[in-house]
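Engineer: My structure is below; once you've seen it, I'll send some questions.
Read the figures in this text as sums done on the coordinates, not as results from a lab. If you're wondering where the values come from, they're calculated on a predicted model, not measured in any experiment. Positions of Cβ are backbone-derived with ideal geometry, glycine not excepted, and every protein chain shown enters the neighbour counts.
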Amino acid sequence: MRSLFRLSAAACALAFGVAVTAADDAKPPPGEKGKTKTVTDAEFVKMAASGGMFEVKSSELAKDQGQSAEVKKFADQMIKDHGKANKELEAAAKKAGLEVPTKLTDEHAKLLDTVKAAKGSGFDQAYMTAQVQAHEEAVALFEAASKSVKDAGLKEFATKTLPVIKEHYEHAKHHGGGKGGTSTDKRGDRNP
């Protein structure tokens, strides 16, 4: 039980650290409140591609290892939505003359390793905590990109995709992100 607690604590710490690092990169420096930090087209493609790959890979794990039906349902939605977004990003990047990376960033690879390490009853919590953190990072990235990327196709992709990512973030945050995997909504339905 202690090792499960330590693993969950480590997953939370790592996930939080990854999100803070990436989110901080897209936040304005102190004293510039209200301004969103800019992101180049290439930076956006690199981080968005890595985040999208993380979402699909971690959600495939959740489909296989998730304990609750709600987490598995959420994972299915992540695979569908992020799979579609990954294809759209690839097309927009190609039109912009940018290469889409095929490997996760070190931060996303570490976060995926944390999810992979979680087993049994701790898996759902680790997965949902990672979802909250990864989507928090993605919201900051896509907000910055929607305001600062130069290529019209990439800007359109970022602007169009941002509301979906925000919805995922809110869903994960309010339905189990770091709180054990499920909760009950206002109607009494259980959700991931």
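Engineer: Based on this model, can you work out whether LYS103 counts as surrounded by fewer than 19 Cβ atoms within 10 Å (Cβ to Cβ) and in contact (Cβ under 8 Å) with a residue 60 or more places away in the chain? Walk me through how you get there before you give the answer.
Structural biologist: Working: surrounded by fewer than 19 Cβ atoms within 10 Å (Cβ to Cβ): yes; in contact (Cβ under 8 Å) with a residue 60 or more places away in the chain: no.
Spelling it out, it is not the case that LYS103 is surrounded by fewer than 19 Cβ atoms within 10 Å (Cβ to Cβ) and in contact (Cβ under 8 Å) with a residue 60 or more places away in the chain.
Engineer: Would the range 114-135 turn up any residue that is in contact with a helix residue (DSSP H, G or I) (Cβ under 6 Å, 6 or more places away or on another chain), more than 20 Å from GLU170 (Cα to Cα) and outside any helix (DSSP H, G or I)?
Structural biologist: yes
Engineer: Can you tell me how many residues in the range 144-159 are part of a helix (DSSP H, G or I) and in contact (Cβ under 8 Å) with a residue 40 or more places away in the chain? Break it down stepwise before answering.
Structural biologist: Going through the range 144-159, the residues part of a helix (DSSP H, G or I) turn out to be 144-148, 152-159.
Filter again for in contact (Cβ under 8 Å) with a residue 40 or more places away in the chain, leaving 144-145, 147-148, 153-154, 156-158.
Number satisfying all stated conditions: 9.
Engineer: Can you tell me which residue within the range 127-157, out of those that are among the small types (Gly, Ala, Ser) and in contact with a Gly (Cβ under 9 Å, 6 or more places away or on another chain), is farthest from LYS72 (Cα to Cα)? Walk me through it before giving the result.
Structural biologist: In the first step, residues of the range 127-157 are kept if they are among the small types (Gly, Ala, Ser); the result is 130, 134, 138, 140, 144-146, 148, 152-153.
Imposing the further condition that a residue be in contact with a Gly (Cβ under 9 Å, 6 or more places away or on another chain) reduces the set to 130, 134, 138.
Values: ALA130: 15, ALA134: 17, ALA138: 21 Å.
Among residues in the range 127-157 that are among the small types (Gly, Ala, Ser) and in contact with a Gly (Cβ under 9 Å, 6 or more places away or on another chain), the one farthest from LYS72 (Cα to Cα) is ALA138.
Engineer: Mind listing just one residue for me: the one in the range 65-97 that is out of contact with any helix residue (DSSP H, G or I) (no Cβ under 9 Å at 6 or more places or on another chain) and within 19 Å of ALA118 (Cα to Cα) and, of those, surrounded by the most Cβ atoms within 10 Å (Cβ to Cβ)?
Structural biologist: LYS73
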